[in-house]
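Asks: One structure follows; several queries about it will come next.
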Amino acid sequence: MVVNTNAIVISALKYAEADLIVKCYTQKSGLKTYMLRGILKSRKGKFKTSLFQPLTQLELVAKHKDKGSLEYLQDAKILVHYQTLHTEVVKSTMVMFLSEMLKNTIHEEEENEELYNYLEGAINWLDLHTDIANFHLLFLLKLTQYLGFYPEDSEIELPYFNLLDGVFQHSKLNGYCINGPVLENLKLLLGTNFEALHEIKLTKSNRAELLELLLNYYQLHIESFKKPKSLTILHEIFN
């Protein structure tokens with residue numbers, strides 16, 4: 001079946017000497033993987049490797065078998081021309097980290113319009129704004145809403161948060177309950193959006209602790225989740 005769809009590049013992995021395996025989150029079909037043969041060797045081919053940088057937004061024409069195998073890409077062109085996302089060091093490092101997180105968390109080959117719209121809007125916001133030190137934290141927290149384990153915040157005033165159950169509690173019932181300053185910072189994130197994110201002031205250590213908490217939260221709720229290899233680079237950039 002030939003499909004015309006918008007898509008966001010999740011990853012591009014070299015295969016053999018000249019091929020590229022590209023994962024995209026598509027608007028119409030969820031996660032899809034394409035084999036691009038000879039792209040790294042040919043200068044006159046239909047596709048340029050620059051099209052497949054992480055989080056690039058594309059218009060695709062693809063032939064989907066929908067059998068969980070590699071799909072065939074017929075055409076691709078840039079949908080959104082970013083202003084800063086791949087040229088500013090801090091943003092490009094954040095993009096590398098977030099794309100790896102998406103690769104480790106999104107696996108469904110089915111349409112999810114709400115998730116696609118969230119990713120599209122968040123990426124565009126990142127491209128157009130400068131106060132972004134806390135962006136990745138809020139991005140990951142909001143992403144849990146679409147992955148099915150967003151914190152239940154109806155009792156957010158309670159002093160403990162249970163990472164295992166995703167709820168606020170009166171007391172510590174197991175080893176997965178947190179409290180103290182890192183929880184207060186989590187509560188700040190739960191009460192904000194991207195436009196107001198600049199109002200949350202975190203130190204470098206606060207930010208690192210909150211990121212570690214979020215990664216542990218993902219690890220508890222996503223089977224076989226692995227922390228991104230790019231995490232070390234992200235820490236270096238913010239330090």
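Asks: Of 53, 145, 27, which has the largest mean-square fluctuation in a 10 Å C-alpha GNM of the chain?
Replies: The residue with the greatest mean-square fluctuation here is 145.
Asks: Further, regarding this structure: Given a Förster distance of 25 Å, report the FRET efficiency between residue 158 and residue 238 from their Cβ-Cβ distance, rounded to the nearest 0.05.
Replies: FRET efficiency, residue 158 to residue 238: 0.25.
Asks: Rounded, prolate or oblate: which fits region 87-127, taking a ≥ b ≥ c as square roots of the Cα gyration tensor eigenvalues, rounded meaning a/c under 1.5, else prolate when a/b beats b/c?
Replies: Here region 87-127 falls in the oblate category.
Asks: With +1 on each Lys and Arg Cβ and -1 on each Asp and Glu Cβ, how big is the dipole of region 1-92 about its Cα centre, in debye rounded to the nearest 20?
Replies: So the dipole magnitude of region 1-92 works out to roughly 240 debye.
Asks: Right, here's the next one. If you keep only loop residues by DSSP, which trypsin sites (Lys or Arg not before Pro) in region 139-198 have at most 15 other Cβ atoms within 10 Å of their Cβ?
Replies: Taking region 139-198 and a limit of 15 other Cβ atoms within 10 Å, the loop trypsin sites (Lys or Arg not before Pro) found are 172.
Asks: Given a cut-off of 22 Å, what percent of all Cα-Cα pairs of the chain lie beyond it?
Replies: The proportion of pairs with Cα distances above 22 Å equals 56 percent.
Asks: Taking the Cα-to-Cβ direction at residue 66 and at residue 198 and moving 7 Å from each Cα, how far apart do the two end points lie in nm?
Replies: Calculated label separation equals 4.5 nm.
Asks: Let me ask something else. Return the loop-located GluC sites (Glu not before Pro) in region 126-217 (DSSP other than H, G, I, E, B) with at most 15 other Cβ atoms within 10 Å of their own Cβ; answer none if there are none.
Replies: 155, 157
Asks: Right, next: Rounded, prolate or oblate: which fits region 92-168, taking a ≥ b ≥ c as square roots of the Cα gyration tensor eigenvalues, rounded meaning a/c under 1.5, else prolate when a/b beats b/c?
Replies: Verdict is oblate for region 92-168.
Asks: Using the scaling law 2.2 N^0.38 Å as the reference, what is the normalised Cα Rg of region 16-154?
Replies: Rg over 2.2 N^0.38 Å, computed on Cα atoms: 1.11.
Asks: What FRET efficiency comes out for residue 170 versus residue 128 if R0 is 35 angstrom and r is the Cβ-Cβ distance? Round to the nearest 0.05.
Replies: Values: r = 42 Å, r/R0 = 1.20.
With a Förster radius of 35 Å, E is 0.25.
Asks: Let me ask you something else. How much of the accessible area of region 121-239, in percent, comes from carbon and sulfur atoms when a 1.4 Å probe is used?
Replies: On the way: 3010 of 6020 Å².
In region 121-239, the share of accessible area belonging to carbon and sulfur is 50 percent.
Asks: Another question, then. Which pairs break 26 Å Cα to Cα here: 91/204; 63/91; 204/229; 77/142?
Replies: From 91/204; 63/91; 204/229; 77/142, over 26 Å: 63/91; 77/142.
Asks: Continuing with this model, one more query. With +1 on the Cβ of every Lys and Arg and -1 on the Cβ of every Asp and Glu, and nothing else charged, how large is the dipole of the chain about its Cα centre, in debye rounded to the nearest 20?
Replies: 1360
The values are calculated or read from the model by the stated rules, or taken from the named source; none is laboratory data. As the structure is a computational prediction, the values presented were derived from the model and not from experiment. Every residue, glycine among them, receives a Cβ derived from its backbone with ideal geometry; neighbour counts consider all protein chains shown. Note: areas computed on protein heavy atoms with side chains; ligands, DNA, RNA excluded. Shrake-Rupley method; radii C 1.70, N 1.55, O 1.52, S 1.80 Å.
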